[in-house]
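K.L.:
This is the structure, below, for whatever I ask next.
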Amino acid sequence: MTGTRVGSEVERDVLGAIRRPGWRWLLGLAVSGLLAVLLHVLWGALIVRGLGLTGLNNPVGWAVLITNFVFWVGIAHSGTLISAVLFLFRARFRTSFNRSAEAMTVFAILVAGMFPLIHLGRVWVFYFLLPYPIERLIWPNFRSPLPWDVFAVTTYLIVSVVFFYVGMIPDLALARRHLPGLRGRIYAVLSLGWQGTGEQWRHYARLYLFLAAFATPLVASVHSIVSWDFAVSIVPGWHTTIFAPYFVAGAILSGTAMVLTLSIPMRRWLGLEAHMPIDHYEGIAKILLFTSLLVGYTYVVEQGLSLYGPSPFERDQYAFRAFGPYRGLFWLMVVCNAILPLTLFLRRARRSLPWLFVLGILVNVGMWTERFVLIVASLSHDFDPYAWGTYSPTRYEIGITAGSFGLFFLFFLLFSRLLPVIAITESKQALADRAGEEGTP
Amino acid sequence: MTRLEFDGREEFLARLRALVEAGTPPERIRLQMPFEVAEAAEILGERPGAVRFFALAGALAGFGTGLALTIYSVVSFPLRVGGKPIVSLPPFLLIGYLLTILFGSLGAFAGFLLLARMPSPRGLAADAELADRFVIVVEGEEGR
Amino acid sequence: MMDRRTFLHTLGLLTGGSALSACTPGKDRRHLVSALVPPEDGVVPGQSVWHATTCTECPAGCGMQVRLREGRPVKAEGVPGHPVSGGGLCVRGQASLWRLYDPRRLRGPQVRDGGALRAATWDDALSRVASALAEARGAGRTGAYLSGRTTGALAALLAESAPALGLEWLPRFEPFSHAAIRRANGLLFGAPEVPRLDAARPDVLLTVGADLLETFVSPVGLAAQVVAGPAGRRWWHAEPHCSLTGANADRRLVLRAGSEPWLLAWLLARVAPSARRPLPPAVVAAMPRPSIAATAEATGVAVDALEALGAALAAAKEPLVVAGAIATAAEGGLAVAGLAALLQWTLGATGRTVDLARGEGYGDVGSLLDLRALGERLERGQVGVLFVARANPVRHAPAAWRLAGKLAGATLRVGLGDLMDETLREMDVVLPLSHPLETWEELAPRRGLRELLRPAAAPLGDTRAEGDVLLELRRRAGETVAPSYQERLMAGWRARYDDAALRAYSAAGWAEEPVSGPPVGLDAGAAAELLRGVRLSPPKPGLVLVLAPSIRSFDGRSRALQLLEEVPDPLTTVTYGPWISVAPGDARRLGVADGDELRVTLGGWSAELPAKLQPGLAEGVFVVQRDVLPSFPGGMDPATGEAICALPGPGLERTGRGGRMPYLSGSPSQQGRGLIPEPIHRKETAKRASLYPEHPHPEHRWTMAIDVSRCIGCGACAASCYVENDVPVTGAREHRLGREMSWLRIEPFYDAAGGVDFLPILCQQCHAAPCEPVCPVYAAYHNPEGLNVQVYNRCIGTRYCSNNCPYKVRRFNWFDPVREAPLDLLHNPDLSARGRGIMEKCTFCVQRITAARDRAKDEGRAVRDGEVVPACAQSCPTTAIVFGDLNDAGSRIAALVKAPGSWRVFEELGTEPSVHYHRGGGEGER
């Protein structure tokens, strides 16, 4: 490494990727673009005709749409975890993933944020949710968890965008040098004229530290607040204090799984194998294993408390989940989230990229299912037996769900060609650090 | 004005340390770095910047805004829901907490832009200013 | 003495509507809005007028008052203190406004042209009828006039007009003709009548088959009487299937179908020796005396149950035995009716609680025998012009008779009705009748009672009153008759009443006249003869198909009204479409679950019906409500002319089809959750600990108390709520998805023994409502009067409130509620409109609370106890619902809430509901 410029290969490879769109990328862009269009067409139908187009019914007022909201907010979590928490813990494997994880966070929040709007009966008056002075002098009800969601998700989106953007400023300045013409000028503007002076780096380091410090509690609080949408209610199966940590663990589990799902193909197709070493994947796998253990533990605690507790409603609810009409989904969720990740106790499994890729997908299937079972089973089997009823989604909900993945991948594909997918500057720094350590044994 | 360029971090730091030890006043030394080197600031004896005050001010303003907004909203139009008291502090604290984070982050970012003089028209104009090398510029006595 | 004009003027001022009824269709029907015209006559925007009139959805003739807003009827309610109903209005009565506005109502005459009916003018249609009448008269062929039960002024007109038009007015056709009862009473007492019952006085009541609470003669009045029975009253109900009446009896005896004579014969032998009115020796000698063991064997009722029943009847101070409906609609129905009549006689009920002198006026009603005779005459070509009015004989005649084909034997077939049905479809001329709320009429539903019907609205279509049609036909035949039916009626009233009496009649809507008849005596010879004819044969083994009457559509005449499909069947909670009730054991045997389709065959007749499990139903018994079948599969008992409704030996097989069927109950059992606690133990006496201080209700605290022991599950409250609150009617598809919109529902909960408890559930207006704090926009909040208010304009449709409601009483508008014209006229203008995406629910009829509060304020007084009556409480036939202000210490509600047995549903959740439930305690008052 000595004598050559530190990390110039990173710079070349990462920025080089921006210039070469391949057929795979174009195909992916077309498919996900079409799905994103489908999402909006179906949403339009829901607005014009009414939410009766969904399978929602009387006991089950929330289902797939809210499942998607929780799912995508969960996906958003690992971005902040990898960027902020691992930054504070100085985990070295972070550098391979933090940029794409941050991008994933921003896109996932954007997609997640659509769902509370889609599920509104009257989305055209969504602004009733916002605190603004009107002539009727009425404000949102801040005791309701839904305005908490509005504040939490908005805060999370803004902080994540700032964090994502601030982390990218030095790289944008680099990209500006590599790309001539208009694109270069756009990067220049986006870099705000970053020059990398000592003064700028000094304030930049403080800013990054503060942003990481502000974002870290968000990792815990945003999904806790999402969990309170449920835990604050009195619905059996929702009303439980374990929900906040349970949701946070689940969010990190699904987020890390999504990082694996996205970064393994990206690493290959963008030719970034050298800069995303297997060791770093092993680090991610360990996080996944740890959060899976937490999630599995909460499954046991939830069921156990319901059996042990005094409430017949709770007891019936958990029996209903495990043995009622949604039992297939329930056991799928247990297998995907709590059993399959146990393979990561084996070093070979942790270092097998194909297995990690498959596991990432399976865990996300499991996590989506978990939210679905939690939401739908609880509502379909609550207090009054007369009002019990089951739910199954319609084509509209399935289409909107597929569309949300389309929109997310559309954002991510655009990101993978337009912005540096690996934090070049930080990688350089990490390489230099390693070189320094190797140099002074 | 002297301009020194380095490929490696260690050489750069060694030279910088030498310069400072040789009595060059730190305020006359200007650096350019491809990534952050914390030791450089230590060598120059610089204190942590003022970003933290911006962050603190933002955070406090956020917390105050959150509490003021929520309490004002219920006092100006008191509506009874679920038998709960009109001023329900626990949920209001949550709004305060979220605005603390939001305003704190935005405050820190705004502080950074101010302190780092960004967006910088000079930086936008100068094409080659940013190098992927370490640069030490020692300015002359008379300054620029 | 006043002249005709003064009379009309008086009547018009009193009754209103004359201005409206004078409007003819086709003209500009804008309403007169003028400060000079009193609101009764014209329209004062924003003001309601209540008109007293009479319900005609079934022959009972319950009192009904109709609320008019801007010249349109918008709500029907019971008339407090009415001699027939006592003050309630049943689910069918509520639906009478749906009939008025039904989009499928016939809007103009139709005549058959080349095989198909086409629209025609009245002149066209009537001249066709008139010429056919003239032709038939020339050919010497007498026509026939077949109508449903007709009383009062129209009966008088028909009796006069039929001969004038060369028609024979046939005995009235009613599917529920009670022919066996009338025949038995005719034989035994010389009074072929349906007796007037007093079900309030008996301390021991046995009903065999007679569904007092559903369709039997006068169900609203009987229901009110039954629940008002003396303390400690015991009520047995014996039937093969499981009816709502049986579900509400203190003890339901499941009889083998056809074993009713055994039970009654054994009882007669058991009580006769010690009875207060001994039977003549000849009768005693002829009495069949089955042993208790044989009776138990034949009926399937346990020996100790028989003994208990016999002992109770023998020891009772005021015993009453009633047999009817399904028990008499069978071979041997005459024996059942006769034995029951003898039991009534010997137990001393005849003349006390069974009043034959003031009977129900069914004397001129015929039976299927008369219909068969008509069919034979038609086949022989002996009928000229055939009129069928307000009756559907094609649908109710046994399918094997093929009556529809025989109708062709008449020279011209003329149908009069309001909705197209199986019979009208066979007619050559269809004359649309005005709704009873569009015409003047006078009924006499029982002897000694006259009831007034007055127009509440101008006819919506080109329709006429039956009386006007008859008068016009007579006019065309060259006779000089009254210029209109209205004038004829008024002339009659002028002759009968003076000014004061007319005012009273008009205000009340009914007038009673003294009826006296000699006390009836038992014809011993006929009784002995009847008893000798009683055949006690063992009931046939095997499966039985029971064709049960329906509380929702009576004999099927209300089946077309969608509101009655939207409100669930009380026992199964099925809303739309036909179904067959299957006992859980049979379902296991057949391998069917709810919604799986069964093919039911009876001889050559078959139908495919989805199955619904019915707890409490005896194995081997299958129940179909007879109104849902396309044709009547049973036969006729030649002895009485009753339709046979318990059919042995049905074939049942799975078709393999099936799917989600529209029923509303998620579970027939309470799952041990204590919604109706048994015994009542959940009453929390200590104040619940709370972190929060009690919030104040400075002026009012609206509270409801529901007596579940009085609730019979009839659904009148739910239907009333639908009409009062413009609750969207969503249809079968939405019901299958679980999207009914009812604000008030009655939950039937079955115990392990098959007993049912009914629990009306509406918004509980919780004081610590879980729905309120989760609403992000304050659309749900607690108002200072204790109501859980829903602000529709503010609602953004998150549905969080509904998720968090433990009672699941909130209803989301999945689509825009659409009502096909002219149903859109049935609309309560006091309510906010709701569109798609909005949550709605019960608010204790807040519009009525507001109206009462405003009225009290205008009059400078406090709101009186009982002044605010929500729509559900008003319509309840059994006054199970009491509403009032808990802040008023002297109110009825305050006493009921404090009563030791009262409880609130899911009280342990700490929601502090404002709806209190109790079992008895408060006497039903109106």
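The values are calculated or read from the model by the stated rules, or taken from the named source; none is laboratory data. Computed from a predicted model, the values in this text were never measured in an experiment. Cβ atoms come from the backbone with ideal geometry, glycine included; neighbour counts cover every protein chain shown. Side chains are part of the model used for accessible areas, which takes the heavy atoms of the whole protein and leaves out ligands, DNA and RNA. Shrake-Rupley method; radii C 1.70, N 1.55, O 1.52, S 1.80 Å.
K.L.:
Note the direction-averaged projected area, equal to a quarter of the hull surface, for the Cα convex hull of segment A:357-441, in nm².
P.N.:
Details: hull surface 42.6 nm².
For segment A:357-441, averaging the hull's shadow over all directions gives 10.6 nm².
K.L.:
Return one number: the angle in degrees, 0 to 90 and rounded to the nearest 10, between the long axis of the Cα atoms of helix B:51-76 and the longest principal axis of the Cα atoms of chain B.
P.N.:
For helix B:51-76, the angle is close to 10 degrees.
K.L.:
Just read off the accessible area of C:D498 with the full protein assembly in place, 1.4 Å probe, to the nearest 10 Å².
P.N.:
90 Å²
K.L.:
Given labels modelled 7 Å from the Cα in the Cβ direction, how far is it in nm from A:L414 to C:A311?
P.N.:
Each label point is offset 7 Å from its Cα along the Cβ direction, giving 8.7 nm.
K.L.:
Also, quick follow-up: Tally Lys and Arg at +1 and Asp and Glu at -1 over the other residues with C-beta under 11 Å from the C-beta of C:G591: what net charge comes out?
P.N.:
Local net charge: 0.
K.L.:
Once you put a point 7 Å from the Cα of A:S392 and another 7 Å from the Cα of A:L137, both along the Cβ direction, what distance in nm separates them?
P.N.:
Here the modelled spin labels are 5.2 nm apart.
K.L.:
Roughly how far apart, in whole Å, are the Cα centres of segment C:846-883 and segment A:40-92?
P.N.:
Value for the Cα centre distance between the two parts: 47 Å.
K.L.:
Let me check I've understood the local charge: for A:G324, count other residues with C-beta under 15 angstrom from its C-beta, Lys and Arg +1, Asp and Glu -1. What total comes out? It would help to have the intermediate numbers written out before the result.
P.N.:
On the way: positive: A:R315, A:R321, A:R327; negative: A:E314, A:D316, A:D382.
Here the count lands on 0.
K.L.:
Ok, one more. How large is the accessible surface of A:R49 in square angstrom, using a 1.4 angstrom probe and rounding to the nearest 10?
P.N.:
In the full protein context, A:R49 sits at about 130 Å².
K.L.:
Ranking request for peptides C:98-105, C:263-270: highest mean number of other beta-carbon atoms within 10 Å first, then the rest in descending order.
P.N.:
Details: C:98-105: 20.6, C:263-270: 24.4.
Order by mean packing, descending: C:263-270, C:98-105.
K.L.:
At a probe size of 1.4 Å, how large is the accessible area of A:H275, to the nearest 10 Å²?
P.N.:
Estimated to the nearest 10 Å², A:H275 gives 30 Å².
K.L.:
Remind me, relative contact order of chain C in percent, using alpha carbon pairs under 8 angstrom and six or more residues apart?
P.N.:
Values: 2043 pairs, mean separation 137.2, N = 926.
About 15 percent, as a whole number.
K.L.:
With the Cα gyration tensor of segment C:76-192 giving a ≥ b ≥ c as the square roots of its eigenvalues, does the rule (a/c under 1.5 for rounded; else a/b larger than b/c for prolate; else oblate) give rounded, prolate or oblate?
P.N.:
Working: a/c = 2.51, a/b = 1.26, b/c = 1.99.
It comes out oblate by the Cα gyration axes.
K.L.:
Still on this model: First measure r as the distance between the Cβ atoms of A:L29 and A:F345, then evaluate 1/(1 + (r/R0)^6) with R0 = 51 Å and state the FRET efficiency to the nearest 0.05.
P.N.:
On the way: r = 38 Å, r/R0 = 0.75.
Computed FRET efficiency for A:L29 and A:F345: 0.85.
K.L.:
Find the sum over both chains of the accessible area lost when A and B are paired, probe 1.4 Å, and report it in Å² to the nearest 100.
P.N.:
Rounded to the nearest hundred, the buried surface is 5400 Å².
K.L.:
To the nearest 20 Debye, how big is the dipole of chain C about its Cα centre, given +1 on the beta carbon of each Lys and Arg and -1 on that of each Asp and Glu? If you can, show how the numbers build up before the last one.
P.N.:
Working: 103 positive and 100 negative charges, 108 e Å.
In debye, rounded to 20, chain C gives about 520.
K.L.:
Using only Cα atoms, tell me the angle between helix B:89-115 and the longest principal axis of chain B; keep it within 0 to 90° and round to the nearest 10.
P.N.:
Taking the Cα atoms of chain B, the angle to B:89-115 is about 20 degrees.
K.L.:
Estimate the FRET efficiency between A:S8 and A:A91 by the formula 1/(1 + (r/R0)^6), using the beta-carbon distance for r and 30 Å for R0, to the nearest 0.05. Write out the running numbers ahead of the final one.
P.N.:
Details: r = 25 Å, r/R0 = 0.82.
The formula returns an efficiency of 0.75 here.
K.L.:
Report the extension gain between C:A821 and C:E908 in nm, rounded to one decimal, defined as 0.36 nm multiplied by the number of residues separating them, less their alpha carbon distance.
P.N.:
Stretched out fully, the C:A821 to C:E908 stretch lengthens by 26.7 nm.
K.L.:
Multiply the residue separation of C:V44 and C:R588 by 0.36 nm, subtract the distance between their alpha-carbon atoms, and state the gained length in nm to one decimal.
P.N.:
189.7 nm
K.L.:
Next question. Using +1 at the Cβ of each Lys and Arg and -1 at the Cβ of each Asp and Glu in the protein assembly as shown, identify which of B:A110, C:Q486, C:A116 lies farthest towards the dipole's positive end.
P.N.:
B:A110
K.L.:
Related question: Suppose R0 equals 25 Å. What FRET efficiency, 1/(1 + (r/R0)^6) with r the Cβ-Cβ distance, do C:E168 and C:R402 give to the nearest 0.05? Don't jump to the answer; show the numbers that get you there.
P.N.:
Values: r = 23 Å, r/R0 = 0.91.
It comes out at approximately 0.65.
K.L.:
Which one, C:G405, C:V385, C:P432, is farthest towards the positive end of the dipole of segment C:383-440 when Lys and Arg carry +1 and Asp and Glu -1 on their Cβ?
P.N.:
Highest projection toward the positive end goes to C:G405.
K.L.:
Using modelled backbone amide H atoms (1.01 Å from N, in-plane), which distant-in-sequence or interchain residues come within less than 5 Å of C:W50's amide H?
P.N.:
Sorted by chain and number, the residues that satisfy this are C:L68.
K.L.:
Moving on to the next point. When only Cα pairs under 8 Å and 6 or more residues apart are kept, what is the percent relative contact order across segment B:53-111? Intermediate results must be reported in sequence, preceding the final value.
P.N.:
Values: 77 pairs, mean separation 37.3, N = 59.
RCO, segment B:53-111: 63 percent.
K.L.:
Which of A:L272, A:L190, A:L419 moves most in a GNM of chain A, Cα contacts under 10 Å?
P.N.:
A:L190
K.L.:
Once you place label points 7 Å from the Cα toward the Cβ at C:A524 and C:S537, how far apart are they in nm?
P.N.:
Placing both labels 7 Å beyond Cα along the Cβ direction yields 3.2 nm.
K.L.:
Let me ask something else about it. Compute the signed sum of charges (Lys and Arg +1, Asp and Glu -1) over the other residues within less than 15 Å, Cβ to Cβ, of B:L93.
P.N.:
On the way: positive: A:R143, B:K84; negative: none.
With Lys, Arg at +1 and Asp, Glu at -1, the neighbours total +2.
K.L.:
If you count, for each residue, the other Cβ atoms within 10 Å and average over each peptide, how do C:233-246, B:81-94, A:153-166 line up from highest to lowest? Intermediate values should be presented prior to the final figure.
P.N.:
Values: C:233-246: 25.1, B:81-94: 17.4, A:153-166: 21.6.
Packing proxy ranking, top to bottom: C:233-246, A:153-166, B:81-94.
K.L.:
With +1 on each Lys and Arg Cβ and -1 on each Asp and Glu Cβ, and nothing else charged, work out how big the dipole of the protein assembly as shown is about its Cα centre, in Debye to the nearest 20.
P.N.:
It comes to approximately 1560 debye.
K.L.:
Using a 1.4 Å probe on the protein heavy atoms, what percent of the accessible area of chain C belongs to carbon and sulfur? Before the final figure, lay out each step's value.
P.N.:
Working: 16770 of 31760 Å².
Solvent-exposed carbon and sulfur of chain C make up 53 percent of the total.
K.L.:
Anything in chain A that counts as a DSSP H helix reaching 18 Å or more along its axis (C-alpha) with Kyte-Doolittle mean of at least 1.6? List them, would you? Walk me through the intermediate numbers first.
P.N.:
Numbers: long enough: A:23-49 (39 Å, 1.63); A:64-80 (25 Å, 1.31); A:94-118 (36 Å, 0.94); A:145-178 (47 Å, 1.03); A:198-231 (49 Å, 0.47); A:243-269 (39 Å, 1.01); A:278-308 (44 Å, 0.74); A:353-372 (28 Å, 1.17); A:395-418 (34 Å, 1.22); A:424-439 (22 Å, -0.91).
The answer, listed by residue number, is A:23-49.
K.L.:
Quickly estimate the mean residue ellipticity at 222 nm for chain C, helices only: each DSSP H run with n ≥ 4 gives -39500 (n - 2.57), and the total goes over all residues, rounded to 500.
P.N.:
Working: 30 runs with 257 residues, N = 926.
After summing the helix terms and dividing by residue count, I get -7500 deg cm²/dmol.
K.L.:
Hey, another quick one. Dipole of segment C:475-518, Cα-centred, from +1 at each Lys and Arg C-beta and -1 at each Asp and Glu C-beta, to the nearest 20 debye?
P.N.:
260 debye
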